[in-house]
Amino acid sequence: MAQFHRIKGTHDILPQDARKWRYVEGVVQEVMQRYNFSEIRTPIFEETALFARGIGQLTDIVSKEMYTFLDRGEKSLTLKPEGTAPVIRAFIEHNLGEKKPVHKLYYISPMFRQENPQAGRLRQFHQFGAELIGSPAPEADVETIALAVDIYERFGLKQFTLKINSVGDAACRVPYKEQLQAFLRPRLDKLCRSCQERFEKNPLRILDCKEEGCREQTAEAPRITDHLCEACHHHFEAVKTLLNRLEIAFEVDHRLVRGLDYYTRTAFEIISGSLGAQNALGGGGRYDLLAEELGGKPTPSVGFAAGIERLLMVLEKENLLPEFQEGPDVFIATLGEAAKTWAIPAARRLRRQGFKVDYDFMGRSLKAQMKEANRSGARFALIVGDNELQAGEVVLRDLATSEQETVAMDTIDEMLRQRTASQS
Ligand SMILES: [Zn+2]
Ligand SMILES: [Zn+2]
């Protein structure tokens, strides 16, 4: 029979890696909660139109990368390629805006994009993200940025850079776009194909093209921060002042843009110093016009999303993952039928006391069981034979030091409690 294989661009997270994931998710949750963000879980798939409107028809994600399919009722569905549109859809659908003015929500979720696995891109990848929904204040932008920065700092990451920019709003972006197009028009034939396509509808994105030629052509391009309207200018200044007050270092990067009309004002990105070309750990910004685009009331909001796979890569590279103690507290090894009969209820009793307990399932010799105990990473072995059983005793062996002693059966719980407490 032919074997089955996982789909290209997906990973199985095996036990030795799953504990790293649990650690990362735990830290993310802890910092999110310190900032009083609450978790939201939205479905894995949504109506395709939500993403077409929420991400933008013209983006690569929507035009080339979505996992879109017809269900049996011929309805077009899409596996979520990003987290913000579903969160805002849920926010609108449940009228959360009527309950209180500001909602702080976070998610940790798999995302799906049909990207090229040859280029090291994943088709199922994982993100955590946060959305602060309902406030137009610069404090909200800074709350979100500080949250992202504090998550990375809580992991011990040192080599990262925060980049910020403002992309203006409806009032100032339209005249800026025209200026930018006027600057680019004579240089159009020197731009790459994708940039030529972006020129009419999405010229801001030409600024963040990674092609060397395009970067040369745009080096002297007008900068949006020099063309902000009064309100956007004040907002951007307030964000910078607050970041300074929090002693959060940042660089203003005029190439940091988000091409869609509902993105407004602050854009930010966190760049790792220890990754190669794919060095963005996460990014976000303000999206004051998205809720309306999705059929809701005007709801100024700001958020960010970050990749878990990239974060794990950096944590491995910078040696920032903790040592994991994954083995059981106790492995019960038995000799003889009576001891085996005793062991199974004893294991359950200890487990119900809160100990992590395992034993042999293969009917192996005592020697093989002890080997298994060592391999399992257990701290202690409880060794029981028929003689011990009759005397109401067990041998408690410390597998790290190989010291062992005989203890009364009814004191096992207490002994283990003392020993595991002193070791951890
Ligand atoms: Zn280009
Ligand atoms: Zn403006």
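The values are calculated or read from the model by the stated rules, or taken from the named source; none is laboratory data. Model, not experiment: these values are computed from the prediction. Using ideal geometry, Cβ is built from the backbone for each residue, glycine included, and neighbour counts are taken over all protein chains shown.
Among the residues of the stretch 200-216, those identified as in a helix (DSSP H, G or I) and either near ligand 1 (Cβ under 10 Å from one of its atoms) or farther than 21 Å from residue 57 by Cα (or both) are 205, 206, 207, 208, 212, 213, 214, 215, 216.
Restricting attention to the stretch 222-238, and to residues there that are of a type in the set (A, V, I, L, M, F, W, C) and part of a loop (DSSP other than H, G, I, E, B), which single residue is farthest from ligand 1 (Cβ to nearest atom)? Result: 229. Of all residues in the stretch 56-75, those being touching a strand residue (DSSP E or B) at 6+ places or on another chain (Cβ under 6 Å) and in contact (Cβ under 8 Å) with a residue 12 or more places away in the chain number 3.
Based on what the data block shows, is residue 137 among the aliphatic types (A, V, I, L, M), within 27 Å of residue 38 (Cα to Cα) and within 16 Å of ligand 2 (Cβ to nearest atom)? Against the criterion (among the aliphatic types (A, V, I, L, M), within 27 Å of residue 38 (Cα to Cα) and within 16 Å of ligand 2 (Cβ to nearest atom)), residue 137 qualifies.
Looking for something within 16 Å of ligand 2 (Cβ to nearest atom), of a type in the set (D, E, K, R), closer than 15 Å to residue 254 by Cβ and not assigned by TED's automatic domain parsing to the domain that holds residue 279 - is there at least one such residue anywhere in the stretch 200-209? No - not one qualifying residue is present in the stretch 200-209.
Taking residues in the stretch 76-98 that are in the same structural domain as residue 50 (by TED's automatic domain parsing), and partners anywhere that are assigned to a helix (DSSP H, G or I) and surrounded by fewer than 22 Cβ atoms within 10 Å (Cβ to Cβ), the pairs with Cβ atoms closer than 6 Å and at least 6 places apart or on different chains are 76/48; 78/48; 81/61; 85/50; 89/50. When the criteria are applied in full, residue 241 fails the requirement of being more than 11 Å from ligand 1 (Cβ to nearest atom), in the same structural domain as residue 287 (by TED's automatic domain parsing), hydroxyl-bearing (Ser, Thr, Tyr) and touching a Lys or Arg at 6+ places or on another chain (Cβ under 6 Å).
Based on this model, can you work out whether residue 266 counts as over 23 Å from residue 160 (Cα atoms), surrounded by 15 or more Cβ atoms within 10 Å (Cβ to Cβ) and either within 16 Å of ligand 1 (Cβ to nearest atom) or not hydrophobic (A, V, I, L, M, F, W, C) (or both)? No: the conditions fail for residue 266.
Note on the stretch 36-48: residues that are surrounded by fewer than 13 Cβ atoms within 10 Å (Cβ to Cβ) and not charged (D, E, K, R) amount to 3. If the condition is being crowded, with 20+ Cβ neighbours inside 10 Å and aliphatic (A, V, I, L, M), then the stretch 163-209 contributes 164, 167, 180, 184, 191, 204, 206, 207. Within the option set 361, 331, being in a loop (DSSP other than H, G, I, E, B) and farther than 30 Å from residue 151 by Cα holds for one residue only, 361. I'd like the full set of residues that are among the small types (Gly, Ala, Ser), farther than 25 Å from residue 301 by Cα and without any contact (Cβ under 8 Å) to a residue 40 or more places away in the chain, limited to the stretch 115-144. Listed by number, the list holds a single entry, 119. Filtered by the rule that a residue be near ligand 2 (Cβ under 8 Å from one of its atoms) and either modelled with pLDDT under 95 or charged (D, E, K, R) (or both), the stretch 222-235 gives a lone residue, 230.
Restricted to the stretch 81-121, and to residues there that are basic (Lys, Arg) and closer than 21 Å to residue 289 by Cβ, the residue that is farthest from the chain's Cα centre (by Cα) is 89. Within the stretch 201-215, residues that are closer than 16 Å to residue 261 by Cβ and touching a residue at least 24 places away in the same chain (Cβ under 8 Å) sit with their Cβ atoms under 6 Å from residues that are in a helix (DSSP H, G or I) and within 16 Å of ligand 2 (Cβ to nearest atom), at 6+ positions apart or across chains, in these pairs: 203/177; 203/180.
All of (1) under 24 Å from residue 283 (Cα atoms); (2) within 16 Å of ligand 1 (Cβ to nearest atom); (3) surrounded by 13 or more Cβ atoms within 10 Å (Cβ to Cβ); (4) modelled with pLDDT of 90 or more hold for residue 219 with one exception: (3).
The residues in the stretch 361-379 that are touching a residue at least 24 places away in the same chain (Cβ under 8 Å) and over 36 Å from the mean Cα position of the chain (by Cα) can be counted, and the count is 3.
Among all positions in the stretch 184-195, there is no residue which is closer than 19 Å to residue 269 by Cβ and either in a helix (DSSP H, G or I) or charged (D, E, K, R) (or both). Residues satisfying the criterion are present in the stretch 251-258 (criterion: in contact (Cβ under 8 Å) with a residue 60 or more places away in the chain, more than 16 Å from ligand 1 (Cβ to nearest atom) and either of a type in the set (Gly, Ala, Ser) or assigned to a strand (DSSP E or B) (or both)).
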